[in-house]
1. Quick test of your reading of the structure: residue 362 fulfils all but one of (1) more than 30 Å from residue 283 (Cα to Cα); (2) surrounded by fewer than 19 Cβ atoms within 10 Å (Cβ to Cβ); (3) within 13 Å of the ligand (Cβ to nearest atom); (4) touching a residue at least 12 places away in the same chain (Cβ under 8 Å). Name the failing condition by number.
2. Would you mind telling me which numbered condition in (1) part of a loop (DSSP other than H, G, I, E, B); (2) in contact with a strand residue (DSSP E or B) (Cβ under 7 Å, 6 or more places away or on another chain); (3) farther than 22 Å from residue 73 by Cβ; (4) away from the ligand (no atom under 16 Å from the Cβ) residue 378 fails?
3. With buried (at least 16 other Cβ atoms within 10 Å of the Cβ) and within 12 Å of the ligand (Cβ to nearest atom) as the only criterion, which of 309, 339, 331 stands out?
4. Could you give every pair whose Cβ atoms fall below 9 Å, whose first residue belongs to region 55-77 and is at negative phi and without any contact (Cβ under 8 Å) to a residue 24 or more places away in the chain, and whose second residue is within 16 Å of the ligand (Cβ to nearest atom) and in a helix (DSSP H, G or I), counting only separations of at least 6 or pairs across chains?
5. If I filter region 207-223 down to residues being in a loop (DSSP other than H, G, I, E, B) and in contact with a helix residue (DSSP H, G or I) (Cβ under 9 Å, 6 or more places away or on another chain), which single residue comes out as farthest from residue 256 (Cα to Cα)?
6. Quick one: what pairs do we get from region 197-223, first residue within 25 Å of residue 487 (Cα to Cα) and within 16 Å of the ligand (Cβ to nearest atom), second part of a loop (DSSP other than H, G, I, E, B) and at pLDDT below 95, C-beta under 9 Å, 6+ apart or different chains?
7. Suppose we keep only residues that are within 13 Å of the ligand (Cβ to nearest atom) and surrounded by fewer than 21 Cβ atoms within 10 Å (Cβ to Cβ) within region 160-187. Which one would you say is farthest from residue 459 (Cα to Cα)?
8. Considering only residues that are free of Cβ contacts under 8 Å to residues at least 12 places away in the same chain and not in a loop (DSSP other than H, G, I, E, B), look in region 121-174 and name the one that is farthest from the chain's Cα centre (by Cα).
Ligand code: HEM
């Protein structure tokens, strides 16, 4: 296989231990690795046994915290090729020059379960891609469902506390079949659309190779002239999107909890590479207010009939990792890693994500130098005046590590936009500081209903069965009743069937009080 820039870089860090002499970490050859040093054949072990101490200390520190969400994941290397230049919309060079092949690293994951949990559970799947571009790393940190549970990042800790195993007994490991999850839904009804997707077959994919991916948020493309467009990203698997059925998913969870990683690993080993096309939905800034929903609301899709998905390139995953810990576990994706030509919007969920990823990685990956880990290093040069910190690998030379200075002529200089410097899009902002959200975020049910109406009969049966299975396990009769009442806002007949099967009263009226989810909105 032809080596790309990332392969060449990783090559410098690969170590082949075969036919090597065993040494300590200080390079001293080891003469004996089966017996600790003792005072007498049957005597106590001696503290001066530096080889034993070093071996045990390293082992004692082998584990790092698992990701607070998306702990169970599997990854592969690959490359991205562009079909046609997008320079009309963005100046990101990997999206302008069709001759560039961009190395990528993709990690798929479940959200809720811990690092050792089963893979075919009903859950959202993460689909995170790191593009190692010549202008820096660009991370598209997406999911396999195009919308999200909440509209504002401040609710993320609440959401995760509700979906993770309940803290008093750590049950259930990876399932939404419990009281706190459904209690969250009924008290935060903005989650309704996402919950419909979660109860659908999308939440039990057949394979990572047969899964769509979505950037979820509205991002911005900015071209060379400084003109911006809103953009939503999609990954479309060339094998098509396929799902398991619930009975299969449950059996496989028991028989082969590694089902999805095995499938991807084996396919790549056989040369049966996983392929996905990158799609974009592009919206002119002047069309921002043409919809009956807010384009900054991550609980909404942009209907593809109105804003078609244009396929602009293809990603091929063609190489398994050499070491799961070094690569898959130490990779640090961040929705805030963008390159010139790609920018953020004021989506309040996205804005909060921009803080959270680096913050969590500072503890998960032990300090501020995790960008130097082989899997996270950009393939282009990276230089600045940052110094020191745990695990620093770079040896910066010279006395000067500040900007600006007159002592050194070789410290890193800034770049203008023309020279490739990142300049934030100069969006005009007006408003008062306020803890609230716009009325345009208020409709929590219309797209959930559209989703339900777009399903085939078989898909509707699967969704109904999923609700009955999951909500049926809720212990609180009050929460069950509130779920039924909430679903009535989406489809009354669906709510009635569920009510009938889980032993609640039929839904009251046409659903519960929507204002429960949204505090009084005023501007
Ligand atoms: C992982 C926070 C919403 C996709 C994570 C992690 C955190 C986090 C702390 C663990 C990162 C690590 O340890 O390296 C948040 C917050 C959100 C949010 C605060 C909302 C406010 C989303 C959304 C998506 C998403 C909307 C999809 C569009 C992912 C993925 C991963 C992840 C794919 C796993 C990355 C990997 O494989 O390493 N998130 N997240 N998250 N998040 Fe989010």
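1. Condition (4) is where residue 362 drops out.
2. (3)
3. Working: 309 fails: within 12 Å of the ligand (Cβ to nearest atom); 339 fails: within 12 Å of the ligand (Cβ to nearest atom).
Sole residue among the options that is buried (at least 16 other Cβ atoms within 10 Å of the Cβ) and within 12 Å of the ligand (Cβ to nearest atom): 331.
4. 62/325
5. Taking region 207-223 and keeping what is in a loop (DSSP other than H, G, I, E, B), we get 207, 211-212, 215-218, 223.
Next, from what is left, pick out any that are in contact with a helix residue (DSSP H, G or I) (Cβ under 9 Å, 6 or more places away or on another chain): 207, 211-212, 216-218.
Details: 207: 13, 211: 19, 212: 23, 216: 30, 217: 34, 218: 37 Å.
Applying the filter and picking the extreme gives 218.
6. Within 9 Å, the pairs are 198/176; 203/176.
7. From region 160-187, those within 13 Å of the ligand (Cβ to nearest atom) are 160-161, 163-164; that's our starting set.
Next, from what is left, pick out any that are surrounded by fewer than 21 Cβ atoms within 10 Å (Cβ to Cβ): 160-161.
Numbers: 160: 27, 161: 30 Å.
The residue in question is 161.
8. 171
The values are calculated or read from the model by the stated rules, or taken from the named source; none is laboratory data. The structure presented is a predicted model; accordingly, all values stated were derived computationally and were not measured. Every residue, glycine as well, gets a Cβ built from its backbone with ideal geometry; the counts of neighbours run over all protein chains shown.
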